[in-house]
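Asker: Questions regarding the structure given below will be posed in turn.
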Amino acid sequence: MGFKLFLLLENFLMLLPKEIRKSFFVLLANIAYYLSSRYRNIGFINLDFVFGGKLTQEEKKKIVKYSFKNLLLNFLHLMELRHISKEELSKKITIQNIEAVQKAHKEGRGVIYVTSHYCAWELGGASIGIFAEPIAAVYKKMKNKKYEEWTLESRERFGNSSLEKSNVIRPLIKLVKNKEASGILIDTAINKREGLEVEFMGKLVHQTSTPAYLARKFDAAIIPVTMKTDDEENYTLVFFDEIPMEKTDNEHSDILKATQLQADWLTKLITDEPKFWFWIHRRFKSSYPQIYKK
């Protein structure tokens with residue numbers, strides 16, 4: 001019953017003008033900021049941990065509030081992707097540095113897109129599928145199966161597919177062997193068994209080494225990608241230059257170096273404009289669990 005009501009709400013919201021629909025989600029974000037002390041506190045803890053005393057309390061408040069807003073805007077994008085056309089999307093999205101992707105394919109290589117929970121990540125995933133090539137995106141299983149189906153339907157509407165992360169290595173190997181594309185988030189919290197230790201935002205954390213492992217073994221290109229916006233209406237899908245992947249006699253060193261370069265890319269992205277990153281998740285819990293016990 002609850003999910004049916006949600007679908008009715010979706011249909012009602014999609015009948016409204018875009019401005020009113022967006023205002024509704026922004027209102028929800030403001031309510032969530034004040035009601036969810038747990039996630040609000042996580043945001044402040046992360047900012048204090050990363051930036052120390054470099055930010056004022058007001059600056060931190062603006063960033064944390066925007067994290068709630070950005071999360072709800074991504075939810076709005078998921079909803080709108082179920083109803084919008086490619087032509088409509090092409091009017092609001094600009095593509096930057098697609099040459100990096102074209103170069104990899106011209107060389108006969110598959111592409112592993114590395115990305116993060118930054119800015120409009122839901123819109124970004126769909127846009128890669130529309131304007132570059134279909135991707136198989138790795139995702140974490142959700143507790144609510146009906147919402148998971150709804151989410152995956154939105155993400156896959158324009159040709160993308162989804163791979164649940166618990167058994168993902170074999171499908172990813174098949175993709176890269178076939179010179180096809182995959183998408184992997186590199187900013188989620190993982191335990192020490194699942195990745196390599198790198199420096200991210202000035203802290204030692206564990207990050208997935210899967211992109212580097214696949215790129216080295218199967219000669220694929222690691223291409224970072226993200227969305228950027230100035231007005232939350234028009235977006236730029238930015239493809240960055242390929243992350244160099246060395247192939248020496250020391251496999252571990254090669255993979256670690258490429259994984260660190262991915263962390264460096266994301267660190268710069270966040271440092272340049274921190275408000276767009278998803279600060280209200282416990283990214284540092286595996287290596288620094290004590291900071292969230294305050």
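Asker: Among the numbered conditions (1) free of Cβ contacts under 8 Å to residues at least 12 places away in the same chain; (2) among the small types (Gly, Ala, Ser); (3) touching a Ser or Thr at 6+ places or on another chain (Cβ under 8 Å), tell me where residue 43 comes up short.
Answerer: Of everything listed in (1) free of Cβ contacts under 8 Å to residues at least 12 places away in the same chain; (2) among the small types (Gly, Ala, Ser); (3) touching a Ser or Thr at 6+ places or on another chain (Cβ under 8 Å), residue 43 misses just condition (1).
Asker: For segment 212-230, give me each residue that is β-branched (Val, Ile, Thr) and in contact with an Asp or Glu (Cβ under 9 Å, 6 or more places away or on another chain).
Answerer: Of all residues in segment 212-230, those β-branched (Val, Ile, Thr) come to 222-223, 225-226, 229.
Those that are β-branched (Val, Ile, Thr) and in contact with an Asp or Glu (Cβ under 9 Å, 6 or more places away or on another chain): 222, 223.
Asker: I've got another one for you. Just a yes or no: is a residue in segment 48-59 among the hydroxyl-bearing types (Ser, Thr, Tyr), over 23 Å from the mean Cα position of the chain (by Cα) and within 21 Å of residue 277 (Cβ to Cβ)?
Answerer: Quick first cut of segment 48-59, residues among the hydroxyl-bearing types (Ser, Thr, Tyr) only: 56.
Filter once more, so that each one left must be over 23 Å from the mean Cα position of the chain (by Cα): 56.
Pick out the ones that are also within 21 Å of residue 277 (Cβ to Cβ) and you get 56.
Yes, there is a match, as at least one residue in segment 48-59 is among the hydroxyl-bearing types (Ser, Thr, Tyr), over 23 Å from the mean Cα position of the chain (by Cα) and within 21 Å of residue 277 (Cβ to Cβ).
Asker: Out of the residues in segment 157-196 meeting the condition of being of a type in the set (Ser, Thr, Tyr) and more than 30 Å from residue 289 (Cα to Cα), tell me which one is surrounded by the most Cβ atoms within 10 Å (Cβ to Cβ). Explain how you work it out, then say what you get.
Answerer: Quick first cut of segment 157-196, residues of a type in the set (Ser, Thr, Tyr) only: 161-162, 166, 182, 188.
The next check asks that each one be more than 30 Å from residue 289 (Cα to Cα); those that pass are 161-162, 182.
Numbers: 161: 16, 162: 18, 182: 26.
My answer is 182.
Asker: Please give the strands (runs of 3 or more DSSP E) falling wholly within segment 187-294 in which 2 or more residues are closer than 27 Å to residue 106 by Cα. Working first, answer last.
Answerer: Details: elements: 195-200, 203-208, 221-229, 235-239.
Filter on segment 187-294 gives 221-229, 235-239.
Asker: Report every pair of residues separated by at least 6 positions or lying on different chains whose Cβ atoms are under 6 Å apart, first residue within segment 95-106 and in a helix (DSSP H, G or I), second surrounded by fewer than 14 Cβ atoms within 10 Å (Cβ to Cβ).
Answerer: Correct list of pairs: 100/241.
Asker: Shifting gears a bit: Just checking, which of 19, 58, 87, 99 is of a type outside the set (S, T, N, Q), loosely packed, with under 14 Cβ neighbours inside 10 Å and touching a strand residue (DSSP E or B) at 6+ places or on another chain (Cβ under 9 Å)?
Answerer: Values: 19 fails: touching a strand residue (DSSP E or B) at 6+ places or on another chain (Cβ under 9 Å); 58 fails: touching a strand residue (DSSP E or B) at 6+ places or on another chain (Cβ under 9 Å); 87 fails: touching a strand residue (DSSP E or B) at 6+ places or on another chain (Cβ under 9 Å).
Answer to the check: 99.
Values in this text are rule-based calculations from the coordinates and carry no lab data. Quick caveat: nothing in here was measured; it's all calculated off a predicted structure. Note that each Cβ is placed from the backbone with ideal geometry, even for glycine, and that neighbours are counted across all protein chains shown.
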